[in-house]
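These notes are about the structure you will find just below.
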Amino acid sequence: MIGRLNHIGIATPDVEKAAKVWCDLYGATKAHKAFDMVEQGVRVKFVDLPNSQIELIEPLGQKSPLIAFLAKSPAGGQHHVCFEVEDIFAARDDMRAKGARILGTGEPRIGAHGTPVIFVHPKDSGGVLVELMQTSKESAQ
Ligand code: CO
């Protein structure tokens, strides 16, 4: 079973401007320094909330998967939700056994928190792109 909500992913054309909204309008007090994930084609900036985080993601490079998203929603919008799991391989195998599709090769990759993640196809979750994130860096297997 999935664990706690880790973060909400929000696509935006500009992570700095978007962070300002979450701080100025909603009173978030901590926005982390932005960083680039070149392989994933995203620039990332986390904003802390009392019980979770917002992950602001901006396209990085011409092959960014966010370019198509922002073509449909130029102002940005909610992109994915991320839940914690103890063991990413067990979570993946469980999802597959239940008929859900894992995006990409299905092999976990290192996410923005430096731990392994997978993404479950939105068509298997009522249109919601779901990221599952192992909380520890070491493989549980
Ligand atoms: Co995420």
- Message: If every alpha-carbon in segment 5-134 counts as one equal scatterer, what log10 I(q)/I(0) does Debye give at q = 0.10, 0.15, 0.17, 0.21 1/Å?
- Response: -0.31, -0.71, -0.91, -1.32
- Note on the structure: The percentage of the accessible area of the chain (probe 1.4 Å, all protein chains present) made up of carbon and sulfur atoms, to the nearest whole number, is 56
- Message: Which residue, Ala71, Leu132, His32, has the largest displacement toward the positive end of the dipole of the chain when charges sit on each Cβ (Lys, Arg +1; Asp, Glu -1)?
- Response: Ala71
- Add -39500 (n - 2.57) for each DSSP H run of 4 or more in the chain, then divide by its residues: what number comes out at 222 nm, to the nearest 500 deg cm²/dmol? -5500 deg cm²/dmol
- Item | Charge sum, other residues only, whose C-beta stays under 13 Å from Ala18's C-beta, Lys/Arg counted +1 and Asp/Glu -1 | -1
- Note on the structure: Neighbours of Gly61 by Cβ distance under 15 Å: Lys/Arg at +1, Asp/Glu at -1, summed charge -1
- At a probe size of 1.4 Å, how large is the accessible area of Leu103, to the nearest 10 Å²? 70
- Phi-derived 3J(HN,Hα) across segment 38-53 with the Karplus relation (6.51, -1.76, 1.60, θ = phi - 60°), rounded Hz, x for Gly and Pro, is 4, 5, 8, x, 9, 9, 10, 9, 8, 10, 7, 10, x, 10, 6, 9
- Quick one: which residues, 5 or more positions from Thr135 or on another chain, have an amide H under 5 Å from its amide H? H modelled 1.01 Å from N in the peptide plane, none for Pro or chain starts. Val85
- Checking segment 64-141 for GluC sites (Glu not before Pro) in a loop per DSSP with at most 16 other beta-carbon atoms within 10 Å yields Glu86, Glu138
- Query: Which entries of Lys20/Lys63; Lys45/Lys72; Lys33/Lys137; Lys17/Lys123; Lys98/Lys137 show an alpha-carbon separation above 29 angstrom in the structure shown?
  - Reply: Lys17/Lys123
- Test item: Cα-centred dipole of segment 5-134, Lys/Arg +1 and Asp/Glu -1 on Cβ, debye: 360
- Task: Can you tell me the 0 to 90 degree angle between the C-alpha axis of helix 88-97 and the longest principal axis of the chain, rounded to 10?
- Result: 70
- Over the chain, what is the relative contact order in whole percent, taking alpha-carbon pairs under 8 Å and six or more residues apart? 24
- Over segment 5-134, average the accessible area per residue using a 1.4 Å probe and give it in Å², no decimals. 54
- Item | Angle in degrees between helix 15-24 and the longest Cα principal axis of the chain, rounded to the nearest 10 | 80
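The values are calculated or read from the model by the stated rules, or taken from the named source; none is laboratory data. Fair warning: this is a prediction, and the values are worked out from it, not measured in the lab. For neighbour counting, all protein chains shown are included, and Cβ atoms are generated from backbone atoms with ideal geometry for every residue, glycine included. Ligands, DNA and RNA are stripped out before the accessible areas are found, and what is left, the full protein with its side chains, is counted by its heavy atoms. Shrake-Rupley method; radii C 1.70, N 1.55, O 1.52, S 1.80 Å.
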